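> First the structure, then my questions, so here it is.
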Amino acid sequence: MTTLYGIPNCDTMKKARQWLDANGIDYHFHDFKKAGLPEPLLLEWVERLGWEPLLNRRGMMWRRLEAERKAHIDRQGAVQIMLETPTIIKRPVLDTGRSLHVGFSAAEYQRIFG
């Protein structure tokens, strides 16, 4: 089963969900705000993708982060921040069961589900 991770009010999430719905892709939506993010799952993502693609350095949550934490960010620090504030994770995270993807573009989703 395909799972889409994120938050419902994010514009990129809305685009991804609309694309999946319009293309008849069955998926489960996992809301970070309501359901949280289990540490083992995040560690699996970091192992598979690295922490850099997962950490959204363009969003409001990154801008709110203390300058000291941002200046000395590393894998361990990034994981801790993402566990404390899952909304700092770049969205959406798409798990097809075979592959894991971060972010949304219609062309990439077409390639994935083609």
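The values are calculated or read from the model by the stated rules, or taken from the named source; none is laboratory data. Since we're looking at a predicted model, the values are computed, not measured. Positions of Cβ are backbone-derived with ideal geometry, glycine not excepted, and every protein chain shown enters the neighbour counts.
> Could you give me the residue pairs with C-beta distances under 6 Å whose first residue belongs to the stretch 98-114 and is free of Cβ contacts under 8 Å to residues at least 24 places away in the same chain, whose second residue is surrounded by 14 or more Cβ atoms within 10 Å (Cβ to Cβ) wherever it lies, and which are 6+ apart or on separate chains?
His101/Leu94
> Restricted to the stretch 28-59, and to residues that are within 12 Å of the chain's Cα centre (by Cα) and of a type in the set (A, V, I, L, M), which residue is modelled with the lowest pLDDT?
Of everything passing the filter in the stretch 28-59, Leu37 is modelled with the lowest pLDDT.
> OK, next. Does Glu68 fit the bill of being out of contact with any strand residue (DSSP E or B) (no Cβ under 7 Å at 6 or more places or on another chain), surrounded by 13 or more Cβ atoms within 10 Å (Cβ to Cβ) and either outside any loop (DSSP other than H, G, I, E, B) or touching a residue at least 24 places away in the same chain (Cβ under 8 Å) (or both)? Give the steps one after another, and end with the answer.
Numbers: out of contact with any strand residue (DSSP E or B) (no Cβ under 7 Å at 6 or more places or on another chain): yes; surrounded by 13 or more Cβ atoms within 10 Å (Cβ to Cβ): no; either outside any loop (DSSP other than H, G, I, E, B) or touching a residue at least 24 places away in the same chain (Cβ under 8 Å) (or both): yes.
So Glu68 fails the test.
> Within the stretch 1-26, restricting attention to residues that are of a type in the set (A, V, I, L, M) and touching a residue at least 24 places away in the same chain (Cβ under 8 Å), which residue is surrounded by the fewest Cβ atoms within 10 Å (Cβ to Cβ)?
Step one: filter the stretch 1-26 for residues of a type in the set (A, V, I, L, M), giving 1, 4, 7, 13, 16, 20, 22, 25.
Then keep just the ones that are touching a residue at least 24 places away in the same chain (Cβ under 8 Å); that gives 1, 4, 7, 13, 16, 20, 25.
Values: Met1: 8, Leu4: 22, Ile7: 18, Met13: 19, Ala16: 25, Leu20: 20, Ile25: 16.
Only one residue tops the list, namely Met1.
> Okay, moving on. Being assigned to a helix (DSSP H, G or I) and of a type in the set (D, E, K, R) is the filter here; which residues of the stretch 71-114 pass it?
If we filter the stretch 71-114 for residues that are assigned to a helix (DSSP H, G or I), which is where we start, we get 71, 75-84, 86-88, 106-113.
Result: Arg75, Glu84, Glu108, Arg111.
> What is the residue count in the stretch 1-26 for residues that are assigned to a helix (DSSP H, G or I) and among the polar types (S, T, N, Q)? Steps first, answer last, please.
Looking only at the stretch 1-26, we keep the residues that are assigned to a helix (DSSP H, G or I), and these are 11-22.
Those still in the list that are among the polar types (S, T, N, Q) too: 12, 18.
Total satisfying the criteria: 2.
> Which residues, counting only those in the stretch 27-59, are in a helix (DSSP H, G or I) and either charged (D, E, K, R) or surrounded by fewer than 10 Cβ atoms within 10 Å (Cβ to Cβ) (or both)?
First, the residues of the stretch 27-59 that are in a helix (DSSP H, G or I): 32-35, 39-49.
Result: Lys33, Lys34, Glu39, Pro40, Glu44, Glu47, Arg48.
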